[in-house]
Amino acid sequence: MATLRDIKKRIKAVQNTQKITKAMKMVSAAKLRKVQNRMLDLRPYADKMHDVLMSLARGADRESHPLLAFRPRKTVEVVVVTSDRGLCGAFNTNILKAAQKSIDGYTKEGFQVSISVVGKKARDYFKRRGVSTRNAWTGISGNVSFTNAQEIANDVKENFINETIDEVVVVYNAFKSMVAQTVTVAQLLPLAPVEEGKEAPASESAAADFIYEPSMEAIFDRLIPRNVDIQIYRALLESSAAEEAARMSAMENATKSCSEMVGKLTLQFNKARQASITGELMDIVGGVEALKG
Amino acid sequence: MAEKLKLDIVTPYGHVFTDEVDEVVASGTEGEFGVLPEHVPFLTTLKIGMLTYRKGSQTGYFFISGGYSEVGPDSVTILADSAERSDTIDVQRAIEAKKRAEERLKQAEKFDQARATSSLERAITRIHVAEKK
């Protein structure tokens, strides 16, 4: 049986934890608001840009730009976006599970897989498993900037053009709502899913109708690399917002559990105190009876 | 037959404008172009410049600092690097930016000339657009 003092100590400890989780929740809420605004602002731009490119790429000549080319897939690059810090529920676990699943899928199909990671959690995960990663960026998730995104995008583009990699997919958590994140696996390069490229004859006319100024090549030259930057930037922002949202709800749950724990311990404490008082009374009564006799 | 154009201006910092309009004039890298409904599909890059739209008897002006424009039969989508409506432009800041850029152009060896030139162009265009209200 735990002594009174032990129980009191535990109550104190749980209360301290609760204070921390509560504070972390507040911090996450503030960070979330900041990154969420930036993400919501970027979304329409990223979507529109994607739409424009899609309508262009559908009929365009695949050879017209190195970033459009469909090559026989040999090496698939998987970019895994996680957070740097933990304590955000199943956020990182979900991402890593999904990433592992697609990596296993590609391996089974006979492709080489090269992995780039964003965030310490993904880096550590692959390090623990002895899987070598091509590139690791850390220190981004709490402080996403367009420069970060460009750095990653430039690396990916370079390797794609060099033909070190033939396909790029990004695995990240998309921010859906305060309580829900969806694991998203998006193909970044080459543009447009492979199936659509096969039925090119049907949509060839769409591109031919477009007037390009100054020229299609000039527009592609600027638009396609920019799209890669923007899509990666978006993935980073979404992931960062999703991380803070996940941490917020995780901390909310932790705070709630702490309250429950304190309640239970207080009950135990009162019971123990009652028991000790009863015990003392019994002693006194026993003593008085003995004196009488 | 489309009678109106849906004009959308989006930037990485948010959706700036969306409305049904009658006419759009924008500055492409190859020169200014006007769009009326039923325009042929058209895609161009934009340079730093002014975008004008007309809706009935009402006109509006935007400062656009480069980007892309996709024109369809009944829509104009502007993907701008940044965009400001004429009445939200901070003229004071633009004037200061203009002065700073001019200073930098004089000290050719110390500053990146290409950057100074484009920031001067942005500042001048901003001031110009802000005057149209």
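Computed from the coordinates by the stated procedures, all read-outs in this text should not be read as laboratory data. From a predicted model like this one, the values you see are computed outputs, not experimental measurements. Virtual Cβ from ideal backbone geometry, glycine too; neighbours counted across all protein chains shown.
Brief remarks follow.
- Residues that are exposed (fewer than 15 other Cβ atoms within 10 Å of the Cβ) and among the charged types (D, E, K, R), drawn from segment A:152-182: A:Glu158, A:Glu163, A:Lys176
- Of all the listed residues (A:Asn92, A:Asn148), the sole one being farther than 22 Å from A:Val27 by Cα and buried (at least 17 other Cβ atoms within 10 Å of the Cβ) is A:Asn148.
- Residues located in segment B:15-45, provided they are over 15 Å from the mean Cα position of the chain (by Cα) and either under 20 Å from A:Ser55 (Cα atoms) or within 7 Å of chain A (Cβ to nearest Cβ) (or both): B:Pro37, B:Glu38, B:His39, B:Val40, B:Pro41, B:Phe42, B:Leu43
- Test result for A:Ala241, hydrophobic (A, V, I, L, M, F, W, C), surrounded by fewer than 21 Cβ atoms within 10 Å (Cβ to Cβ) and either touching a residue at least 24 places away in the same chain (Cβ under 8 Å) or within 14 Å of another protein chain (Cβ to nearest Cβ) (or both): no
- Within segment A:98-123, residues that are closer than 22 Å to A:Asn154 by Cβ have Cβ atoms under 8 Å from residues that are basic (Lys, Arg) and assigned to a helix (DSSP H, G or I) in these pairs: A:Val117/A:Arg123, counting only partners at least 6 apart in sequence or on another chain.
- Qualifying residue in segment B:19-26 (condition: among the small types (Gly, Ala, Ser) and out of contact with any helix residue (DSSP H, G or I) (no Cβ under 6 Å at 6 or more places or on another chain)): yes
- Residue within segment A:20-40 that is in a helix (DSSP H, G or I) and over 29 Å from A:Ile140 (Cβ atoms) present: no
- Checked across segment B:34-45, the condition of being under 17 Å from B:His128 (Cβ atoms), out of contact with any helix residue (DSSP H, G or I) (no Cβ under 9 Å at 6 or more places or on another chain) and not in a helix (DSSP H, G or I) holds for no residue.
- Residues satisfying the stated conditions in segment A:1-55, i.e. among the charged types (D, E, K, R), in contact with a Leu (Cβ under 7 Å, 6 or more places away or on another chain) and within 14 Å of another protein chain (Cβ to nearest Cβ): A:Arg38, A:Lys48
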